[in-house]
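Peer 1: Sharing a structure with you now.
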Amino acid sequence: MATFYAQNVLGGLAYGSLLFLIAAGFTLIFGLMRIVNIAQTAFFLIGVYVGLMLLNHGVPFWVAVPIAGAAVAVLGLLIYRVLHPYHADELTSLLLTIGFTLMLEDAALAVWGGDPQSVPPPPALAFSVQLGTLVFPSYWLAMIGISLLIAAALFFVERRTTLGAVIRAGVDDEEMIRGLGIDVDRAFFIVFAIGAFLAGAGGLLGGPITGAYPGLDGELLPLAFAVIIIGGIGSLEGAYIGSLLIGLVGTFGKALFPQLSYFTIFVPVAAIMALRPQGLLGKKR
Amino acid sequence: MARVMRYVVTAAVVAVLAMGTGPAARGLAAGATPLKIGLLAPTTGVAAAPGHDMINGWKLWWAQHSTTVAGTAIDTTYYDTGSNPNQALTQARRAVEQDHVNLLIGPYLANEGLAVAPYAEEHQVPLFLPTVSADDLTQRKASQYVIKVAGWSSSQTTHPAGGWAYDKGYRKTVTIGDEYAFAYESVGGFAQTFTEKGGKVTKQLWVPLGTTDFSPYLSQVTAEHPDVVFVCVVGADAVHFLQQWTSFGLKAKVPLLVQETVTDQSSIRTLPPEDVVGIIAFSHYAEGRDDPATQRFIANYANAYHALPSYMAAGFFTAAEWIQLALEQVHGDVADQQAFLNAVRTVSVPDSPFGPQRLDPYGAPVENVYVRQVQRTPARYAGDAKTWNVVLKTYPGVSQFWTYNPAQYLKQPVYSNTFQGIAK
């Protein structure tokens, strides 16, 4: 029984850590720019495919991660150019990102085909660890650490740098900081680039767990939504806590009540919506 | 005047269109007119890869054989179902009502097939199903127009699995299946024959389609300590399952039996051999079967497409041969639809890549079921695939009713998540 709980705690944390790589960019872009970027999980999908292509050409895993991120960031910024004039209009920008999602999905299908692909973990982490009776893939454990490092780096930028101050102020009151003469558009640009980079790099980082196949982005999107609703829009800490919570609740839901697996994820979402609509760490608007 | 003319022209167009969809246009065309075939396959959406395999198999046969059979030209049009039952139905309508095809073949997904089948029956257009395996289409809802030409039924391959597992000495099993009809039927076939022999099913796990994280389910398998695990998942789920079955340490500990989709070429193509070698599946197709017909087919396929063929490719390749044989039998005369369909039902294909195939009175094939195992490919296919499936044992001429009396068998409901045929 101890094995059962240990495996599900670790599995939930690993899957939650993976979700954070998507949700971090999602919550920053949403919080600052009021753009619901549906294409965020499509960025993740493109990241897996680009990363896999690099691995197949012999590029080492840890080199391929930032390249995949950069490639997706460039793609994201091209999309941002189209999106930017409409960012104040929530519905138009939402519909635009849905359109881009469909285009990215079909482009991925045309370029990489539809066979489900598996992504090999880096060779140093391609083994499983044995802890008593529990066998657990080492890469899943590493995922927890990787995500924590990325979260720490993002918290540092948000708390201790000028850019971070602009982002925090922008989430609270965009008009006021515009009034103070701060170049908010530049912050938008950088945040969108960071969000796309995280999703792209996260694609390859998460690839050994998720694989790459048409429809992967659609599987992840509702989970990313659940994370930011729980965590609170625009809050990085909220996104981190929300990710781990959704990972754990989802995993234990499937393990204990397999017939209700989707339901168990959205129970906390419904509870948060009813009791604390701004999310655990979100600010009241 | 111009207005009157326009009215007349419009009326004429409407009349022609209406006649075109009338009874005269239905059924098979007369005389030397071509046999127009509408091939429904998903080339976009989640099932795009199998869709391409289907088309590749079909084209391979016609690249090797003349498309004029006994004086009748065969004219194929391809329709994209988009992996979506609504679009499959729309495309079937387009094929029948606008393009006047005489015959539909495809689609791929069970839900696409279930959407198209009633339409085909209503419009009396034959629908051939080389990949859609839904049990009831040739059982409780059998129709003279819906025929599993070169196809199979979901529980046909898993009925033998139950007895095989019991004879191996396994007594306690846990099953894992995707949460939809195909897996309910596949797992049900195994559960029924396994428990009728005296085995116990201690837990059945149904996972949502599109599951990436199997670890919570695997933790339950470990907790149950089964003698054997039976699994039926499809597509990307199969890839995730196989990877995690190995990395969570179960491959070394628990014997695994699977429905053939799990270790089909379309799933094992991208996986490293250490994740899949040794896994045993129950199937109507095995690309590594040591038989001249199978080996000729896969050599030609590998040559043309640089991959080993999945069962979808083999199904459409064989369906093409089947249609050719039936056309020869009626001397190319497709004007008499019933005569042509009778020929399709009575033809037997002695040396298809699947082995010998013929149809039972319900329109489902009677064919071999293989116990097959994943092994590394021999050197000649090393560039096309890492692993393939070789035959350990053959059950010859298996019916969709296994050894049951059809009339008796049809009295029990179709397998579902609430009915698994488990003997108490």
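The values are calculated or read from the model by the stated rules, or taken from the named source; none is laboratory data. In this text the structure is predicted, and so the values were computed from the model without any measurement. Counting neighbours? That spans all protein chains shown, and the Cβs are built from the backbone with ideal geometry, glycine included.
Peer 1: Search the stretch B:211-225 for residues being surrounded by 17 or more Cβ atoms within 10 Å (Cβ to Cβ) and within 7 Å of chain A (Cβ to nearest Cβ), and hand back the single one that is nearest to the chain's Cα centre (by Cα).
Peer 2: B:THR212
Peer 1: Within the stretch A:111-124, which residues are more than 9 Å from chain B (Cβ to nearest Cβ) and not in a loop (DSSP other than H, G, I, E, B)?
Peer 2: Selection gives A:VAL111, A:TRP112, A:PRO123, A:ALA124.
Peer 1: When the residues of the stretch A:239-252 are narrowed to those that are among the small types (Gly, Ala, Ser) and within 11 Å of chain B (Cβ to nearest Cβ), which ends up surrounded by the fewest Cβ atoms within 10 Å (Cβ to Cβ)?
Peer 2: A:GLY250
Peer 1: With the condition kept exactly as written, say whether any residue in the stretch A:273-282 is assigned to a loop (DSSP other than H, G, I, E, B), more than 14 Å from every other protein chain (Cβ to nearest Cβ), free of Cβ contacts under 8 Å to residues at least 24 places away in the same chain and farther than 30 Å from A:ALA64 by Cα.
Peer 2: Yes; the residues of the stretch A:273-282 include at least one that is assigned to a loop (DSSP other than H, G, I, E, B), more than 14 Å from every other protein chain (Cβ to nearest Cβ), free of Cβ contacts under 8 Å to residues at least 24 places away in the same chain and farther than 30 Å from A:ALA64 by Cα.
Residues are listed down the side, and each one gets a yes or a no for (1) in contact with a helix residue (DSSP H, G or I) (Cβ under 9 Å, 6 or more places away or on another chain); (2) of a type in the set (Gly, Ala, Ser); (3) more than 22 Å from A:LEU244 (Cα to Cα):
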position	(1), (2), (3)
A:GLN130	no, no, yes
A:THR133	yes, no, yes
A:PRO137	yes, no, no
A:LEU141	yes, no, no
A:GLY145	yes, yes, no
A:ILE150	yes, no, no
A:GLY164	yes, yes, yes
A:ILE167	yes, no, yes
A:GLY170	yes, yes, yes
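Peer 1: Right, another one. Which residue, of B:THR387, B:THR377, B:THR403, is more than 19 Å from the chain's Cα centre (by Cα) and crowded, with 22+ Cβ neighbours inside 10 Å?
Peer 2: On inspection, the qualifying residue turns out to be B:THR387.
Peer 1: Could I ask something else about it? Only one of these is surrounded by 21 or more Cβ atoms within 10 Å (Cβ to Cβ), under 28 Å from B:PHE182 (Cα atoms) and not hydroxyl-bearing (Ser, Thr, Tyr): B:LEU104, B:LEU114. Name it.
Peer 2: The unique qualifying residue is B:LEU104.
Peer 1: Restricted to the stretch A:88-110, and to residues that are closer than 21 Å to A:ALA201 by Cα and either of a type in the set (S, T, N, Q) or not in a helix (DSSP H, G or I) (or both), which residue is nearest to the other protein chains (Cβ to nearest Cβ)?
Peer 2: Here the answer is A:THR101.
Peer 1: Does the stretch A:128-143 hold any residues that are surrounded by fewer than 19 Cβ atoms within 10 Å (Cβ to Cβ) and hydrophobic (A, V, I, L, M, F, W, C), and which are they?
Peer 2: If the condition is that a residue be surrounded by fewer than 19 Cβ atoms within 10 Å (Cβ to Cβ) and hydrophobic (A, V, I, L, M, F, W, C), then A:VAL129, A:LEU131, A:LEU141, A:ALA142 are the ones that fit.
Peer 1: To continue, here is another question. Just the residues that are more than 16 Å from the chain's Cα centre (by Cα), within 12 Å of chain A (Cβ to nearest Cβ) and not hydroxyl-bearing (Ser, Thr, Tyr), please, taken from the stretch B:30-63.
Peer 2: Within the stretch B:30-63, B:GLY45, B:VAL46 meet the criteria.
Peer 1: Please state which of the following conditions B:PHE194 fails to meet, knowing it meets all the rest: (1) of a type in the set (A, V, I, L, M, F, W, C); (2) within 14 Å of another protein chain (Cβ to nearest Cβ); (3) without any contact (Cβ under 8 Å) to a residue 40 or more places away in the chain; (4) buried (at least 22 other Cβ atoms within 10 Å of the Cβ).
Peer 2: All conditions are met except number (2).
Peer 1: Okay, next question. Out of the stretch B:63-97, which residues are in a helix (DSSP H, G or I), touching a residue at least 40 places away in the same chain (Cβ under 8 Å) and farther than 24 Å from B:ASP336 by Cβ?
Peer 2: Scanning the stretch B:63-97 gives B:ALA63, B:GLN64, B:ALA88, B:GLN91.
Peer 1: Here is a follow-up. So A:THR92 ticks every box in (1) buried (at least 22 other Cβ atoms within 10 Å of the Cβ); (2) within 25 Å of A:LEU223 (Cα to Cα) but one. Which box is left unticked?
Peer 2: (1)
Peer 1: Find all pairs meeting these conditions: Cβ atoms under 6 angstrom apart; at least six residues apart or on different chains; first residue within the stretch B:271-284 and modelled with pLDDT of 95 or more and of a type in the set (Gly, Ala, Ser); second residue in a strand (DSSP E or B) and buried (at least 16 other Cβ atoms within 10 Å of the Cβ).
Peer 2: Every condition considered, the pairs that remain are B:ALA281/B:VAL258; B:ALA281/B:ARG372; B:SER283/B:TYR370; B:SER283/B:ARG372.
Peer 1: From the list B:PRO309, B:PRO350, exactly one residue is within 14 Å of chain A (Cβ to nearest Cβ) and either charged (D, E, K, R) or under 20 Å from B:TRP61 (Cα atoms) (or both). Which is it?
Peer 2: Selected residue: B:PRO309, the only one of B:PRO309, B:PRO350 that is within 14 Å of chain A (Cβ to nearest Cβ) and either charged (D, E, K, R) or under 20 Å from B:TRP61 (Cα atoms) (or both).
Peer 1: Looking at this structure, is B:THR173 under 17 Å from B:THR195 (Cα atoms) and crowded, with 24+ Cβ neighbours inside 10 Å?
Peer 2: yes
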